[in-house]
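The values are calculated or read from the model by the stated rules, or taken from the named source; none is laboratory data. No experiment lies behind these values; they were computed from the predicted model shown. Because the Cβ atoms are built from the backbone with ideal geometry, glycine has one as well, and the counts that use them run over all protein chains shown.
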Amino acid sequence: MSQPSVLVRTVLPLLLASLLLSGCDLFGGDDGGGPSLETTGVFVANGGNFSAQNGTITVYDPKAGQATTPPDLALNAFVNSIELHQGRLYALLNTGFNSGRVNIIDPDSYATTAQSDSLGATRSVAFPEADTTQGYVSTLRGTVRRFDPATGAFEGAPINVGPSASELVATDAKVFTTIPDTSLALSDTISNNGSKLAVFDIGSPSSVRTIELGCDGPTAIAQDGEEELAVVCTGRTVFNSNFEAVERTDGAVLFVDPSTETVVERIPASVQLGSITGAQVAHYDPSSELLHAVSTRNREILRVDTDANARLETISVPEDSSLLGIAAAAYDGTTQELYVARADVQDPFQSAGTVIVLGSSRDVVNRFTVGPAPSHIEIRRQAP
C-alpha cells in the first residue's frame, strides 16, 4: 500500500508464489467428509489506487459466468483483504497508513451492517471456531484488537505484538499472528523482514510471546486439517542506496505445532514468495487441504500438501503480455479450479485487473474483469 509510483518501484521486485496443496489428484478433491457444499460465488477485493481511496469488491457468479461490482461495494478505501465467516463478509480497509476500519457486510445484499473504525491500517481477521462471539483484527502498526463479529464493537485495549502484524489464526485457546516487521518505507520493509510468529493466550493479552521461525518475512498463516499452523515466509531482498539488489533469500513454508509452539516441518520454496500488492500471499483450502502461495517474481504457484507436510509441484501461470505478475490466488477444492488475479501491465494500480481461472489441466478455462490492483480472493461455498 503506497502511492502507485512507490508501489511499482518497490513491490514488483518482490516475490512470486508457491501453492501449497493437499489432495488426491492434480489439484486435489474434497476429502473432508463433511456435508456437500457447492461454490456459489467468488469475491475479489480490489485495493485500487491508494491515494484515490477507490477500492471495491467484485462479485463473480461461476454458474452464470458474470462478474459485477455492486455500488454498495465501492468502499472508499484501499481494500487490503476480505474474509467470509458465519454468513458475513469482513472487509479490511485502509484509509491511511495509520487509519482504517473493518466493514461487516451482508454477502447477499452487499449492505454494510456494521463497522469497526479507528483501528489503524487493518490487515486481517480471525475467529475462534468454538466461540462465535469474538473476533480478532491485526494492523500494520503491530496491534491486535478483539471485537464483536456482529457489531464490530471493540473489546479490551489494543494488544501490541511487534513492529507490524499481518495474518492471524485464532484457536480456542490462543491467537497467532505473523509479524513480518514491515514499516512505512517499503525498501525498509524488504530489507528488515522479521522472522518470528507472535502468540498470546485468549483472555490474557499480557501473555504475548514470540516463536522464532528461522525464515524471512513470515506473512501468511492458516490452520490445517491436522491442527498445525502452516506459515508462509516470503524471503527477503536487501537493496543498496541505488535501489540495486545486493542480497536475496528464498521463501519457505513452515509447519508449527500450536500446543508446543515449535516448528515441526520446514519446506524450502526455492523462490521468493509474494504478490504485486503485497496483500494475499497464500490461500488455504480446507476441503482439499491445499495451500496456495503466490510468487509474482517468477509467475509461478507452488503447491504443498498440508496433510503430508510435503511439497508437490510448481504451477506456471500462463503467459499473457497484457497482464502483470500475480496479485492474489485462491483454490476452489469443490470445482478443482484455481483463481489467479493479475494486474494490468501498463497501469497496475489504476486500470482494471483480470482474474484467470485455471482448470485441473492448468489451462485457462475462464477469465473475468475486476477492479484495479486486486488484493484478495475469497470463495463462497454453501449447501445446495
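In table form, for the structure just shown:
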| item | result |
| --- | --- |
| Qualifying positions in the stretch 215-251 - among the small types (Gly, Ala, Ser), within 28 Å of Asp172 (Cα to Cα) and crowded, with 24+ Cβ neighbours inside 10 Å | Gly217, Ala220, Ala230 |
| The stretch 204-217 residues that are within 27 Å of Ser270 (Cβ to Cβ), paired with ones that are surrounded by 12 or more Cβ atoms within 10 Å (Cβ to Cβ) and of a type in the set (Lys, Arg) (beta carbon under 8 Å, 6 or more apart) | Thr210/Lys196; Ile211/Lys196; Glu212/Lys196; Leu213/Lys196; Gly214/Arg266; Cys215/Arg266; Asp216/Arg236; Gly217/Arg236 |
| Count of the stretch 241-290 residues which are assigned to a strand (DSSP E or B), in contact with a Lys or Arg (Cβ under 9 Å, 6 or more places away or on another chain) and more than 22 Å from Arg342 (Cα to Cα) | 9 |
| Strands (runs of 3 or more DSSP E) contained entirely in the stretch 34-111, each with at least 3 residues that are over 15 Å from Ile379 (Cβ atoms) | 78-85, 88-94, 100-105 |
| Some residue of the stretch 208-223 being acidic (Asp, Glu), closer than 28 Å to Ser288 by Cα and at pLDDT 95 or above | no |
| Neighbours by Cβ (under 6 Å, 6+ apart or cross-chain): first from the stretch 223-244, more than 30 Å from Pro128 (Cβ to Cβ); second of a type in the set (D, E, K, R) and in a strand (DSSP E or B) | Thr237/Arg248; Val238/Glu247 |
| Pair list, Cβ under 7 Å, 6 or more apart: the stretch 58-85 residue over 12 Å from Arg101 (Cα atoms) and of a type in the set (A, V, I, L, M), other residue at pLDDT 95 or above and not in a strand (DSSP E or B) | Val59/Pro70; Leu73/Tyr110; Leu84/Pro107 |
| Restricting the stretch 329-355 to residues that are among the aliphatic types (A, V, I, L, M) and either touching a Leu at 6+ places or on another chain (Cβ under 8 Å) or surrounded by fewer than 20 Cβ atoms within 10 Å (Cβ to Cβ) (or both), the residue that is farthest from Thr58 (Cα to Cα) | Val345 |
| Scope the stretch 40-53; condition at pLDDT 95 or above and either in contact with a Lys or Arg (Cβ under 8 Å, 6 or more places away or on another chain) or surrounded by fewer than 24 Cβ atoms within 10 Å (Cβ to Cβ) (or both); matching residues | Thr40, Gly41, Val42, Phe43 |
| Filter result (crowded, with 19+ Cβ neighbours inside 10 Å and more than 17 Å from Ala373 (Cβ to Cβ)) within the stretch 308-328 | Asn309, Arg311, Leu312, Ile315, Val317 |
| Residue tally, condition under 23 Å from Leu37 (Cα atoms) and either touching an Asp or Glu at 6+ places or on another chain (Cβ under 7 Å) or part of a loop (DSSP other than H, G, I, E, B) (or both), over the stretch 340-360 | 4 |
| Residue within the stretch 156-178 that is without any contact (Cβ under 8 Å) to a residue 24 or more places away in the chain, in contact with an Asp or Glu (Cβ under 9 Å, 6 or more places away or on another chain) and at negative phi present | no |
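One line per residue, one yes/no per condition, for (1) at pLDDT 95 or above; (2) basic (Lys, Arg); (3) within 18 Å of the chain's Cα centre (by Cα):
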{"site": "Arg297", "(1), (2), (3)": "no, yes, yes"}
{"site": "Leu302", "(1), (2), (3)": "yes, no, yes"}
{"site": "Asp307", "(1), (2), (3)": "yes, no, no"}
{"site": "Ala310", "(1), (2), (3)": "yes, no, no"}
{"site": "Pro348", "(1), (2), (3)": "no, no, no"}
{"site": "Ser360", "(1), (2), (3)": "no, no, no"}
{"site": "Val365", "(1), (2), (3)": "yes, no, no"}
{"site": "Val370", "(1), (2), (3)": "yes, no, yes"}
{"site": "Ala383", "(1), (2), (3)": "no, no, no"}
